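Novice: Have a look at this one before I ask anything.
The values are calculated or read from the model by the stated rules, or taken from the named source; none is laboratory data. Predicted model only: the values in this text are computed from it and were never measured. Here Cβ is always computed from backbone atoms with ideal geometry, including for glycine, and neighbour counts include all displayed protein chains.
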């Protein structure tokens, strides 16, 4: 049990003064203040302090995470996370904190605290187990790329703040550390070549144009110069001149050489050594690596083979629903012909990028009234809608979400991809909005951050299958929210649900069954209405992040199952607002934990 001690008492200095010719008096015995007994923390208070200490130490270890959650204490720091020393430090951190939390006596804790302990230990065990797999040997791909992340941060459009002179100085110090990361990445990739752990060639070929887009001989034409172009008006003339000179030198002498060196290494040395295979199972210990990813991402014991079959079954079911829409629309042709019609007819295309962004923004007012009917819990944080930056949009997903800062100074961001505009369809918009914004990721992620009674590792983290499962479940609420009134838009929802079912088939196909990139693309084009641009981008995304694509459908199926179970068990007592509150009120929990808490909620009468 942790004890809280009072502050140390100050030492008393007894100053003896004597007047001339005055008799010396015998001093009175000093009055000793009563010592307050140490205040013992309750088990719950002790656990809360442990979790707070863990979180604070973790942010110091991972300053970028601190920046993204809005804690600006470490905005000038950038540890070299690719070194063996850092990996050892991270492992020791996990082992230390696992031992400390495992030593907590949970008998006297409440249900929520016991759940936190359970989730924390499972997270640490997962992290510790994952250390056996050498992801550090292939640190860059076209989908998750820290060179791109650094450019986003340095552009002033991401989590790194550029409001004060100190903010500018912080980024200058952090950016000066980027070359060390690049140098280590190159060293790790060279080690990966020797060990046979390299990226697929097709992915690294996409990295080169991303890096080229960030390199310029003119500092003022780089993303890193944008904060200087937008210097706050209240900065002094001296600060403006100093920062402009410093950033110009930083970009020219530090960042551009580092980006150019990384680009040259990948182009000239690494790319020729990359592999023609595309699945994780082609790497040493790759089958075990993929099985680990599947278990950690889905938070289930489902095997890749079981998930593949679930995918096939869901593809067949959803296509059956699609055929009903085709019949309703009296379309002359089969499902494949309808897909081609949706992909090519100009009525479903946006005139230009501003029209696309305006359409997404118009969905706010359309969805808000329905959200109020379905949700008792709603986040306070706002969100913005932005296009994906041009330097990364070719390989980015159709939409994504960046969470707001904890203090509310930075809103959430719903990124919409406008690359290859004709491939971005009107029938796709309502569904994507529900997934990324309201009531999808913005609702769930921003709301979790506002659950201040939970420890921060739960507020700012959580199970991917829950997070992405919630996003896909949110799409299914369209008619209840007042959208999908147009049958084409409802077909768009079915198409995107189908897409997530297809992910179960092709992700396991790639990494467990040995499918080729072209097999995956052909399967997607045959079975969905997605364009070839989207199919290629998605196929390569699954190659880059094996297993992540499984989270959506597996999580959504669990939430739908729990809703159906609740409706059947509670009958007329079932209330959708209360059900959603119960699902959302504890943050992103593993699916088995979600199942358990909904079962207890049902047993308690759904109150």
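Novice: Where residues in the stretch 352-378 are modelled with pLDDT of 95 or more and outside any helix (DSSP H, G or I), which of them is nearest to residue 450 (Cα to Cα)?
Specialist: 375
Conditions tested, residue by residue: (1) in a loop (DSSP other than H, G, I, E, B); (2) outside the structural domain of residue 255 (by TED's automatic domain parsing); (3) at pLDDT below 95.
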residue	(1), (2), (3)
77	yes, no, no
117	no, yes, no
121	no, yes, no
151	no, no, no
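Novice: Checking residue 203 against (1) out of contact with any helix residue (DSSP H, G or I) (no Cβ under 7 Å at 6 or more places or on another chain); (2) closer than 15 Å to residue 393 by Cα, only one condition comes out false. Which one?
Specialist: Condition (1) is where residue 203 drops out.
Novice: Among the residues of the stretch 320-335 satisfying the criterion of being assigned to a helix (DSSP H, G or I) and more than 34 Å from the chain's Cα centre (by Cα), which is modelled with the lowest pLDDT?
Specialist: Among those residues, the one meeting the criterion is 335.
Novice: Right, another one. Can you find, within the stretch 346-361, the residue that is nearest to the chain's Cα centre (by Cα) among those that are surrounded by 12 or more Cβ atoms within 10 Å (Cβ to Cβ) and under 18 Å from residue 488 (Cα atoms)?
Specialist: 360
Novice: Of the residues 180, 176, 187, 159, which is surrounded by fewer than 20 Cβ atoms within 10 Å (Cβ to Cβ) and in contact with a helix residue (DSSP H, G or I) (Cβ under 8 Å, 6 or more places away or on another chain)?
Specialist: Going through 180, 176, 187, 159 in turn, just one is surrounded by fewer than 20 Cβ atoms within 10 Å (Cβ to Cβ) and in contact with a helix residue (DSSP H, G or I) (Cβ under 8 Å, 6 or more places away or on another chain): 176.
Novice: Name every residue in the stretch 406-425 that is in a strand (DSSP E or B) and touching a residue at least 40 places away in the same chain (Cβ under 8 Å), in order of residue number.
Specialist: If the condition is that a residue be in a strand (DSSP E or B) and touching a residue at least 40 places away in the same chain (Cβ under 8 Å), then 414, 416, 425 are the ones that fit.
Novice: Assuming residue 111 fulfils every condition listed in (1) more than 25 Å from residue 293 (Cα to Cα); (2) modelled with pLDDT of 95 or more apart from one, which condition is it?
Specialist: Of the numbered conditions (1) more than 25 Å from residue 293 (Cα to Cα); (2) modelled with pLDDT of 95 or more, the odd one out for residue 111 is (2).
Novice: Regarding the stretch 553-565, can at least one residue be identified that is within 18 Å of residue 398 (Cα to Cα), touching a residue at least 24 places away in the same chain (Cβ under 8 Å), touching a helix residue (DSSP H, G or I) at 6+ places or on another chain (Cβ under 9 Å) and surrounded by 21 or more Cβ atoms within 10 Å (Cβ to Cβ)?
Specialist: yes
Novice: Consider residue 492 carefully, then state whether it is closer than 22 Å to residue 528 by Cα, touching a strand residue (DSSP E or B) at 6+ places or on another chain (Cβ under 8 Å) and either crowded, with 24+ Cβ neighbours inside 10 Å or not assigned by TED's automatic domain parsing to the domain that holds residue 551 (or both).
Specialist: So residue 492 fits the description; yes.
Novice: Right, something else. Are any residues in the stretch 91-105 touching a helix residue (DSSP H, G or I) at 6+ places or on another chain (Cβ under 8 Å), surrounded by fewer than 16 Cβ atoms within 10 Å (Cβ to Cβ) and either part of a helix (DSSP H, G or I) or without any contact (Cβ under 8 Å) to a residue 12 or more places away in the chain (or both), and if so, which ones?
Specialist: 91, 95, 100, 102, listed by residue number.
Novice: Is it true that some residue in the stretch 406-413 is crowded, with 22+ Cβ neighbours inside 10 Å, under 24 Å from residue 342 (Cβ atoms) and either modelled with pLDDT under 95 or under 21 Å from the mean Cα position of the chain (by Cα) (or both)?
Specialist: no
Novice: Working only within the stretch 62-90, note down all residues that are over 20 Å from residue 185 (Cβ atoms) and surrounded by fewer than 18 Cβ atoms within 10 Å (Cβ to Cβ).
Specialist: The one that is over 20 Å from residue 185 (Cβ atoms) and surrounded by fewer than 18 Cβ atoms within 10 Å (Cβ to Cβ): 73.
Novice: Next question. Residues of the stretch 522-534 being surrounded by fewer than 18 Cβ atoms within 10 Å (Cβ to Cβ) and under 18 Å from residue 496 (Cβ atoms), which ones?
Specialist: Listed by number, the residues that qualify are 526, 532, 533.
Novice: Looking at 342, 329, 271 in this structure, which one is touching a residue at least 60 places away in the same chain (Cβ under 8 Å), assigned by TED's automatic domain parsing to the domain that holds residue 543 and over 22 Å from residue 465 (Cα atoms)?
Specialist: Being touching a residue at least 60 places away in the same chain (Cβ under 8 Å), assigned by TED's automatic domain parsing to the domain that holds residue 543 and over 22 Å from residue 465 (Cα atoms) holds for just one of 342, 329, 271, which is 342.
Let's see how each residue does on (1) touching a strand residue (DSSP E or B) at 6+ places or on another chain (Cβ under 6 Å); (2) at pLDDT 95 or above; (3) surrounded by fewer than 24 Cβ atoms within 10 Å (Cβ to Cβ):
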{"residue": "427", "(1), (2), (3)": "no, yes, yes"}
{"residue": "434", "(1), (2), (3)": "no, yes, no"}
{"residue": "465", "(1), (2), (3)": "no, yes, no"}
{"residue": "468", "(1), (2), (3)": "no, yes, no"}
{"residue": "484", "(1), (2), (3)": "no, yes, yes"}
{"residue": "499", "(1), (2), (3)": "no, no, no"}
{"residue": "513", "(1), (2), (3)": "no, yes, yes"}
{"residue": "537", "(1), (2), (3)": "no, no, no"}
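Novice: Scan the stretch 158-181 and give yes if some residue there is under 27 Å from residue 383 (Cβ atoms), modelled with pLDDT under 95 and outside any helix (DSSP H, G or I), otherwise no.
Specialist: Among the residues of the stretch 158-181, at least one is under 27 Å from residue 383 (Cβ atoms), modelled with pLDDT under 95 and outside any helix (DSSP H, G or I), which makes the answer yes.
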